[in-house]
Each structure stands twice: as C-alpha cells, then as structure tokens.
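Report on one structure; see the data block that follows.
The values are calculated or read from the model by the stated rules, or taken from the named source; none is laboratory data. Just so it is clear, the model here is predicted, and its values are computed rather than measured. Cβ sites come from the backbone with ideal geometry, for glycine too, and all protein chains shown count toward neighbours. Accessible surface areas use protein heavy atoms only, side chains included; no ligands, DNA or RNA. Shrake-Rupley method; radii C 1.70, N 1.55, O 1.52, S 1.80 Å.
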Amino acid sequence: MVPNLETETPVEIRRATHDDYEAVVEFTSDIWPDRGGDYIPKIYHDWLEDDDAEDRKTFLAEVDGEAAGIVQAVMLTSDEAWFQGMRVSADHRRQGVSQRLTEACFEWARERGASVGRIMIFSWNAVSIGAARSSGYEPITEFRFAHPTPDPDAEGPHRVSRDPTAAWRYWTHSDAREHLAGLGLDPEESWAVRELTREDFERFADESAVFAVVGDDGLAGAAYRSRTYERTVGNDDDVDSSGDDTEPKTETWAEYGVGAWEDVDAARSLFAAIARDAADCGADEARVLIPETARYVCDVPYAGAGLSDEPDFVLGIDLTVD
C-alpha cells in the first residue's frame, strides 16, 4: 500500500469562476515546460461551465484564500463520470489539496447517479499515476493514437461498409473491445472515453461516420468518427525572420473514437477508408484511438499509418462504494 504523504491543511472547495483565471495561470505556468506547457490556461475560459450547469462542475481549491488547485467533473452518460484537469499548485502540494478535490468530484458525481468515475493520465506522468492510485483508482486500459494521412484517393484491399449494424457487430466480438473494456472516445467531450452502445453506432452513422471492413471471411474491422476540431499550431509569441508577429496557424483534425481490425490487410482497408473520410471533412490531420497491444501497435506502421510516441492510461473507480 502506498502511504498518503499529504498532511492535513484546511482546504476550501468552491466552483471555479472566470475571475480565477490569473490565479490558475500562475500556478499552472510551470507545468510540463519541456512538453509545451499546460493546456489549462489556453482553454480555461471555454472550459468553465455556467453556474446552473447540471452535467459538469469545475472545482477550485483554496488554502488561506489562495488558489491551490483545480479539477473538472463531467457526466458523460447517466451513470459514467469523467474527471479531468487535476492540477495542484507547487506551493500547496502534500497538503491534502488533491484528496479534497477528488472527494468533491466523487460526491458531486454520486449525487447525479454515477456508478463509475474515470480519468486519463499520460503514461509518462508518474506523479499523477501514483496520486490516482492512492485515491482509489484502478487501471482499466491503455491506448495510443494512429495517424493515417487524409487522402481522397486512398485504397485498401477490402471493401469498407458504412453500415452501423455491421460495425457494431464486429466491435462487440473484437479483441479491441475486450482490451479497451468497451470504451471509446466520447463525441462531445475531448480527451474523454466512455462505454460504447449500439445506439452510439447508429447515431454516428447519422451524424458523422462509421466503418465496417468486410474481408474475405466476413467482418474484419470497425471504426467511427467521433468529431472534427480545430487545433492552433504556434502561438502569439512566434516572430518571423523580419521581426513581424506571425499569426498562429489553425489545422483541422478528424478524430476517430476507436479502431479495431482482424489483420494487417483489414487495418490497411480501415485506414484507407478513414483517410478518405478525413479528406472529405477537409481535415489536415487524423487520429484514431487504438488498443495499446503489441499486435495493434505493430500493425499501424506496417499498414502505412503514423503512430503517436506514447500511450495513455485510463483508470477508474467504483462510485457505488463510499
């Protein structure tokens, strides 16, 4: 058992507001400097919910009236909660801040009927992994992103259907579903996963896209598009060679909530269909969530797609137990 090294300090928890922006920026400004810095300051104002929001709440921790930590809780479905953006000021670590924020999230989610809560942690973030385990989270799965290049002329060896029933059928019998514990990317909440249902695949077919690879021996792969989004490349501090400010560039990304396949030919066919779809969406880049297993990861470059450098972990906790 990992001992809890935090000491008890009076910590007040309240809803975060737009007026807290400067304080949050101050204590997150030195996080992950070697990885481009923290994303919280960039999305803070868009991240916050209205005061009467029922499906999410952003908690701010204060110690002696000073902002000490932040986290957001979101209800993804009627009984699945997602917790994200946990940050604690360097000046207030080991003072019980993260534990109080975690308890606030659990209480809020239980009040809304959640039976499970989940988080995602980068695999390189050992400190957060240790803190999550000490708070009661258990590891569920790990995933990585494949990056096929958008291409309107991409072709694979197998036919790919847009039939949601076929895609759902393959998903329910795939080893990918078993490894991922039935989880795929949520279409509304970025960087969040939840359990996929048959109704989801029907909805994706109507609102975005689904894919079912049909191989020589039957169904051999499945995927769905979860969303498209804009991503800024560069920042306002970039300066070109003439000394003039350089405007940040914006890229369009197409995101696919899960990719599952039977063999490398099925992977090639699935990535080709995704590449065509991403091109049709006007996307500059595409990414597909895949299980972090030796076979899936090794199949990706063999099938001609790019691969992210590191996996991400999903952890969860049973909220029916106090």
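Per-structure values
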read-out: Cut-off 14 Å between beta-carbons: net charge of the residues surrounding Ile119, Lys and Arg +1, Asp and Glu -1; value: -3
read-out: With Cα atoms, 0 to 90° folded angle of helix 198-207 axis to the chain main axis; value: 80 degrees
read-out: Residue among Tyr44, Ala222, Ile31 farthest towards the positive dipole end of the chain, charges placed on Cβ; value: Ala222
read-out: Carbon/sulfur fraction of accessible area - the chain, other protein chains in place, 1.4 Å, %; value: 45 percent
read-out: Neighbourhood charge, 9 Å Cβ-Cβ cut-off, centred on Ala61 and excluding it, Lys, Arg +1 and Asp, Glu -1; value: 0
read-out: Dimensionless Rg over Rh [the chain; C-alpha; Kirkwood]; value: 0.99
read-out: Overall Cα dimensions of region 261-322, principal axis frame, Å, largest first; value: 48, 28, 22
read-out: Relative contact order of the chain, pairs being alpha-carbon contacts under 8 Å that are 6 or more residues apart, as %; value: 20 percent
read-out: Residue (of Gly282, Ala61, Ser208) at the positive-pole extreme of the chain, dipole from beta-carbon charges; value: Ser208
read-out: Dipole magnitude (debye, nearest 20) for region 77-152, charges at Cβ of Lys, Arg, Asp, Glu; value: 300 debye
read-out: Percent RCO, i.e. relative contact order, over region 32-105, from Cα pairs under 8 Å lying at least 6 residues apart; value: 23 percent
read-out: For region 59-198, share of DSSP beta bridges that run antiparallel, in % to the nearest 5; value: 80 percent
read-out: Candidates per chymotrypsin sites (Phe, Trp or Tyr not before Pro) in region 130-213, loop by DSSP, up to 10 other Cβ within 10 Å; value: none
read-out: Under-5 Å amide H pairs with Ala220, H placed in peptide plane, nonlocal only; value: Val213, Val214, Gly215
read-out: Dipole magnitude of the chain about its Cα centre (Cβ charges: Lys, Arg +1; Asp, Glu -1), debye to nearest 20; value: 1120 debye
read-out: Solvent-accessible area per residue for the chain (1.4 angstrom probe, square angstrom); value: 49 Å²
